[in-house]
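Each value in this text was obtained by applying a stated rule to the coordinates, not by laboratory testing. What you see is a predicted model; the values in this text were computed from it and never measured. Note that we place each Cβ from the backbone using ideal geometry, even for glycine, and neighbour counts take in every protein chain shown.
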Amino acid sequence: MNGSNRFSVARFKQETKDFLERILVPSIAILLPWGWAFRIFQWITTHCPWFYGAQGNGALAEAQRVIHIEDPVQWLWTYRLIQLVDQGDLYLSRCRSHRWIDQYMQVTGTWPKPPFLGITFHWGAGLWSLRHLHTQGISAAFLSARFNRASFPKRWIAYGYTRLRIKEIKRASGSSVIYKGGSITQMKAAIHEGKAITALIDVPPREVGACLPISLFDRQAWWPSGLVKFAIREQIPVVAFSVGINLTTGIRQLHISDPLSGDNPQAFMEYLAGYFSDLITQMPPAWHCWDWVEEFFHHKSR
């Protein structure tokens, strides 16, 4: 077999894998009532360990470098189930009305009156939190990294799925997506229009500029500080929020923190790091960034 044929076979396998994991199986969520679909998701992740297998094994290996995992088999099952639910949420959000929230989401806390900065994490399944904001009459601009075709070399399905998800985030939020890089002007405009801004803060230092130190897994780590400094300058509160999953029922569990105000960015960062650490204690396999965990402990000032 020549090199081009080997390449073609490898690419076909990757596209097939992406089709199964990002489209075919997750879309079961819209074909059945959620309780039934969730039971199918549980069955698949129990009896098909190859599903998200390589991804899960990589995440497990990285997690074991920084935390103790008593039951790796259970850890992997939980990780893969959450991945499947999170992928399926794209199709659920596109095809279900706001009434879905009333039946399948438990909410702790309340959103403050906008404008505010909502900080969340690559943990759990957060897309429905944006829909919940919308049901409360809050328009929220979502801050995102910019993706393009080069971000997914030779992976057409993964690229298409990501584009569709960004489009759904915009629809679910009832506002625009603000892309990083020259975003300050747009963020200011959003808050002056009385909107909220939502963003993910657990981003590796290589993707951002200014960072502040935090405690992560009992080590000094670094998170981007631009968001909290923006909130302090604009005098808007910061709210941490997250969406967990009940692994027995599939019910979403949205938690909204009390608003945090002040003028000390380090205090904001420590609060957010503490909130995140509580999430990791609650359900470590729900974090989607285990592959990058070592990157958070290294930062070169720019």
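For the chain, modelled as a GNM whose springs connect Cα atoms under 10 angstrom apart, the maximal fluctuation among Ala61, Ala150, Ala286 occurs at Ala150. Against the set (1) 15; (2) 49; (3) 23, the structure's computed percent of Cα pairs over 33 Å apart falls on (3). For the stretch 267-281 versus the stretch 107-158, the spacing of their alpha-carbon centroids is 19 Å. The alpha-carbon of Lys13 sits under 14 angstrom from the alpha-carbons of these aspartates and glutamates, leaving out residues fewer than 8 places away in its chain: Glu21. The separation of the stretch 71-102 from the stretch 186-203, counted between C-alpha centres, amounts to 26 Å. Computed over the chain with a Gaussian network model linking Cα atoms closer than 10 Å, the most mobile of Pro72, Pro204, Pro153 is Pro153.
Using C-alpha pairs below 8 Å separated by at least 6 residues, the relative contact order for the chain is 23 percent. Electrostatic tally near Lys154: other residues with Cβ closer than 12 Å to its Cβ, Lys and Arg +1, Asp and Glu -1, net +2. For the stretch 12-64, applying the loop criterion from DSSP together with a ceiling of 14 other beta carbons within 10 Å to the chymotrypsin sites (Phe, Trp or Tyr not before Pro) yields Trp50. Rounded, prolate or oblate for the stretch 5-102? Axes are the square roots of the Cα gyration tensor eigenvalues, ordered a ≥ b ≥ c, and the cut-off for rounded is a/c under 1.5. Because a/c hits 1.5 or more and a/b fails to exceed b/c, the stretch 5-102 counts as oblate.
Positive contributions from Lys and Arg (+1) and negative ones from Asp and Glu (-1), summed over other residues with Cβ under 15 Å from the Cβ of Asp263, come out at 0.
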